[in-house]
Amino acid sequence: MKLNSQIKNIGSYMTMLAKQVVLLLAILSLSISNATAQSTTSGPSIMDLSLLNKQKKTLDAGDQVLKSAYQQLIKSANKSLSFGPVSVMEKKEIPPSGSKHDYMSLAPYHWPDPSKKDGLPYMRKDGETNPEVKLYKDKEYLPSLCEQLLVLSLAHHFSGKDIYAQHAMKLIRVWFLDTATRMNPNMNFAQAIKGVNQGRGAGLIDGRNLIKAIEAISLLSANKAVTKEDQAAMQQWFADFLNWMQTSKIGQEELDAPNNHGAWYDALRLSIALYTNQLPHAKEIVVNAQKRLTSQMDPSGRFPLEMARTTSFHYSVFVVDAFLKIAAMSQKINLDFWGFKASNGNSLPKAVDALLPYLNKQKAWDGPQIKPFDDQEAIPFLSIAATKFKHPNAANWLVANTSVHPDKMFTYLLTLNDF
């Protein structure tokens, strides 16, 4: 299917895309706003509440494509009702602090040294995941929890059924709020390297999933499904977490990271700053992210530090995804990160254009990639490129791949999804 070089509006694009969609089971994630910048921080910061409301009206009016998408959303949400609750207290390992309330995980690309009797210190094998990390359940539970929260919050929004909001709030209270089970607002012991450290700045990348949790509770709150007490408690938890991020030694390490870690650090703290109504600080974070984009990208639109990785295709998409989320959130405070162009010419459109020929398979990837690139990783990237940048090649890819990854495409119809 050949699309026009310019997609005139979201509605016509979604109509064309809808004709190609085969709707099956799905896993939800974050949706990207394509609305005019808003001056209020109420509601989600990445998802566009006005668009969600518009889609709900269209669905309620009997739109058949959205009806099919909605049915798959509810099917997924019904499965989410059997998830958890989970907590940091379930892990067998005890963090160095002596408290299971502290989050704990291992560095994924570090392995026992076979030349040492005790295997210590662990040695790095970039891109090769040590299965030992699966023994540390916090790393498994947190992303799953955040994903389920987003599914449930969207199901509640579109169905109006309290059962989804009630289960979401149960999950939230157990992980974040209840005294007996809550996670302490830090990641002091994230991605530890045995024989080297008890935790490190790079471990904060685990926290990027919290962006989804913030989006979910913000949507629930907008739909009046969160009590004032729970909202205040969650905002305090995240305010404390942000304070830890910005004052701890580990947090400072990640602040200084010159690669995707630094970009995701800014994405997470921007999400928290908006959720906790720290608007002047949110603007400072966006400005800092602009500096990162200026320094991390080369003149060709590539990111050299990501290109040096053994899975460079993945990390090249990964870092741009972080910047795209920052750009979406920047609209909330009337800043245009989409249109930002650095003095050296670096910009988000340039980063998108640099990757599109490889994502569209017009060119073979020319960097290290020790394992196959998962096409699903391209969906969030290209869905944003299609809706925000109106890039025809991105739109063509989405249309062509709806039958390949229907489990990721249906929520795009519901929410203009950044999966």
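Against the test of being within 20 Å of Pro380 (Cα to Cα), in the same structural domain as Val174 (by TED's automatic domain parsing), in contact with a helix residue (DSSP H, G or I) (Cβ under 8 Å, 6 or more places away or on another chain) and at pLDDT 95 or above, the options Leu210, Leu242, Leu220 yield a single qualifying residue, Leu210.
With the structure loaded, tell me whether Leu171 is in contact with a strand residue (DSSP E or B) (Cβ under 9 Å, 6 or more places away or on another chain) and modelled with pLDDT of 90 or more or whether it fails that test. Steps first, please.
On the way: in contact with a strand residue (DSSP E or B) (Cβ under 9 Å, 6 or more places away or on another chain): no; modelled with pLDDT of 90 or more: yes.
When the stated conditions are applied, Leu171 does not pass them.
Could we say that Glu306 is modelled with pLDDT of 95 or more, within 20 Å of the chain's Cα centre (by Cα) and in a helix (DSSP H, G or I) here? Spelling it out, Glu306 is indeed modelled with pLDDT of 95 or more, within 20 Å of the chain's Cα centre (by Cα) and in a helix (DSSP H, G or I).
Assessment of the range 179-199 against the conditions (part of a helix (DSSP H, G or I), out of contact with any Lys or Arg (no Cβ under 7 Å at 6 or more places or on another chain), assigned by TED's automatic domain parsing to the domain that holds Asp118 and within 22 Å of Gln278 (Cβ to Cβ)) yields no matching residue.
Could you list, in sequence order, all residues of the range 334-371 that are in a loop (DSSP other than H, G, I, E, B) and closer than 19 Å to Asp266 by Cα? Give the steps one after another, and end with the answer.
Keep residues of the range 334-371 that are in a loop (DSSP other than H, G, I, E, B), which gives 334-340, 342-346, 360-368, 370-371.
Across the range 334-371, the qualifying residues are Asn334, Leu335, Asp336, Phe337, Trp338, Gly339, Phe340, Ala342, Asn346.
If you check Asn393, Asn346 for being buried (at least 17 other Cβ atoms within 10 Å of the Cβ) and modelled with pLDDT under 90, only one passes: Asn393. For Ser295, the criteria (1) within 24 Å of Asp336 (Cβ to Cβ); (2) under 21 Å from the mean Cα position of the chain (by Cα); (3) in a helix (DSSP H, G or I) hold in every case but one, which is (2).
Residues to consider are Lys54, Lys67, Lys100, Lys75; find the one that is crowded, with 17+ Cβ neighbours inside 10 Å and either within 27 Å of Asp162 (Cβ to Cβ) or out of contact with any Leu (no Cβ under 8 Å at 6 or more places or on another chain) (or both). Before you say what the answer is, go through the steps one by one.
Values: Lys54 fails: crowded, with 17+ Cβ neighbours inside 10 Å; Lys67 fails: crowded, with 17+ Cβ neighbours inside 10 Å; Lys75 fails: crowded, with 17+ Cβ neighbours inside 10 Å.
The conditions single out Lys100.
Of the residues Ala257, Ala273, Ala225, the single one that is part of a loop (DSSP other than H, G, I, E, B) and in contact with a His (Cβ under 8 Å, 6 or more places away or on another chain) is Ala225.
Kindly indicate which of Ala385, Ala354 is among the small types (Gly, Ala, Ser) and within 17 Å of the chain's Cα centre (by Cα). Reasoning before the result, please.
Working: Ala354 fails: within 17 Å of the chain's Cα centre (by Cα).
Answer to the check: Ala385.
Would you be able to say whether some residue in the range 265-276 is surrounded by fewer than 21 Cβ atoms within 10 Å (Cβ to Cβ), at pLDDT 95 or above, within 28 Å of His156 (Cα to Cα) and out of contact with any Cys (no Cβ under 8 Å at 6 or more places or on another chain)? No; the residues of the range 265-276 include none that is surrounded by fewer than 21 Cβ atoms within 10 Å (Cβ to Cβ), at pLDDT 95 or above, within 28 Å of His156 (Cα to Cα) and out of contact with any Cys (no Cβ under 8 Å at 6 or more places or on another chain).
Within the range 143-164, the set of residues being part of a helix (DSSP H, G or I), of a type outside the set (Phe, Trp, Tyr), within 20 Å of Gln55 (Cβ to Cβ) and more than 21 Å from the chain's Cα centre (by Cα) comprises just one member, Ser159.
The values are calculated or read from the model by the stated rules, or taken from the named source; none is laboratory data. Predicted, not measured: the structure shown is a model, and the values here were computed from it. Reconstructed Cβ throughout: ideal geometry from the backbone, glycine too, with neighbour counts over all protein chains shown.
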